[in-house]
Amino acid sequence: MKIRAEKGRRFKITGQIGEFLVAAELGRRGFISTTFTGNVPEFDIIVTDRKLNTIPIQVKTIRRGGAFQSSLDKWMVVSFREKRKQIIQRKIRLTNPGLIYVMVVLGKKYGDDKFYILTKRQLQEVYFKSYTIWLKSKDGVRPRKPESLHCSIRPKELKSYINKWKILNQ
């Protein structure tokens, strides 16, 4: 039980670091922001610009070498054939498709961090494309747990969104 608690603590700290790094970067860019430490559904930071427009932001953080984890049913509809083969039906209709996500990869030291900024709809497209390609390479059957809805993306799949902070000005 102690190992699980330590792992949970590490994940919580990783998320907290990511939120504060994003808040600091937003401050550098002239925005005022506040974090909610994961206590608000759908967003972690609220941002205010010079005109007092508010922008909610969802932050996801991983350590270097990791991948962003999610569940398929958050992004797409998947059915099963013969209890094993997964069939991707379609993308789900998103709530708040314009919600801004900042995906953070923590570097070894301060300043080495990477920020990928995109909308929820764009992130859905990345998960959809990534999982579709991966599932096709497995002929539709997940090797270990065919019924699993786990999916992940690596930072290289987000490379076109690196430092796209201008999205906040739109």
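Taking amide hydrogens as placed 1.01 Å from N in the peptide plane, the amide H of ARG142 sits under 5 Å from those of GLN86, each at least 5 positions away in sequence or on another chain. In this structure the amide hydrogen of LYS164, modeled in the peptide plane, comes within under 5 Å of the amide hydrogens of ILE117, none closer than 5 places in sequence on its chain.
Amide H contacts of GLY107: ASP112, ASP113, LYS114, each under 5 Å away and 5 or more positions distant or on a separate chain (H built 1.01 Å from N in the peptide plane; Pro and chain starts excluded). Overall shape: oblate for the stretch 85-129, with the ratio a/c of the largest to smallest alpha carbon gyration tensor axis at 1.5 or above and b/c at least equal to a/b.
Comparing mean-square fluctuations of LEU106, LEU158, LEU135 from a GNM of the chain with C-alpha springs under 10 Å, the top value falls on LEU135. Reported value for the stretch 19-170: 120 Å³ per residue, from the convex hull of its C-alpha atoms. Pick out which of THR14, THR35, THR95 has the largest mean-square fluctuation in a Gaussian network model of the chain, springs linking Cα atoms closer than 10 Å. Of THR14, THR35, THR95, the most mobile in the Gaussian network model is THR95. By the gyration tensor of its Cα atoms, with a ≥ b ≥ c the square roots of the eigenvalues, what is the shape of the stretch 71-159: rounded for a/c under 1.5, prolate for a/b over b/c, or oblate? Oblate, because a/c is 1.5 or more while a/b does not exceed b/c. Of the residues TYR116, TYR110, the one with the fewest other Cβ atoms within 10 Å heads the list, and the complete ranking is TYR110, TYR116. Looking at the chain as a GNM with Cα springs under 10 Å, which of PHE20, PHE36, PHE115 has the largest mean-square fluctuation? The residue with the greatest mean-square fluctuation here is PHE36. By the count of other C-beta atoms within 10 Å, a proxy for reagent exposure, LYS83, LYS12, LYS120 are ordered fewest to most as LYS83, LYS12, LYS120. For the stretch 60-73, putting each phi into the Karplus relation 6.51 cos²θ - 1.76 cosθ + 1.60 with θ = phi - 60° gives couplings of 10, 10, 10, 7, 3, x, x, 9, 7, 9, 7, 10, 3, 5 Hz, in residue order, rounded to whole numbers and with x for Gly and Pro.
222 nm [θ] for the chain, helices only, -39500 (n - 2.57) per DSSP H run of 4+, per residue, to 500?
Working: 2 runs with 45 residues, N = 170.
Result for the chain, helices only: -9500 deg cm²/dmol.
Kindly express, to the nearest 10 degrees and within the range 0 to 90, the angle between helix 2-28's C-alpha long axis and the longest C-alpha principal axis of the chain. Helix 2-28 sits roughly 50 degrees off the main axis of the chain. Ordered by the count of other Cβ atoms within 10 Å of each Cβ, fewest first, GLU19, GLU25, GLU82 give GLU82, GLU25, GLU19.
Any read-out appearing in this document is the output of simple, stated calculations on the displayed coordinates, not a laboratory observation. Remember, it's a predicted structure, so these values are computed and weren't measured experimentally. For neighbour counting, all protein chains shown are included, and Cβ atoms are generated from backbone atoms with ideal geometry for every residue, glycine included.
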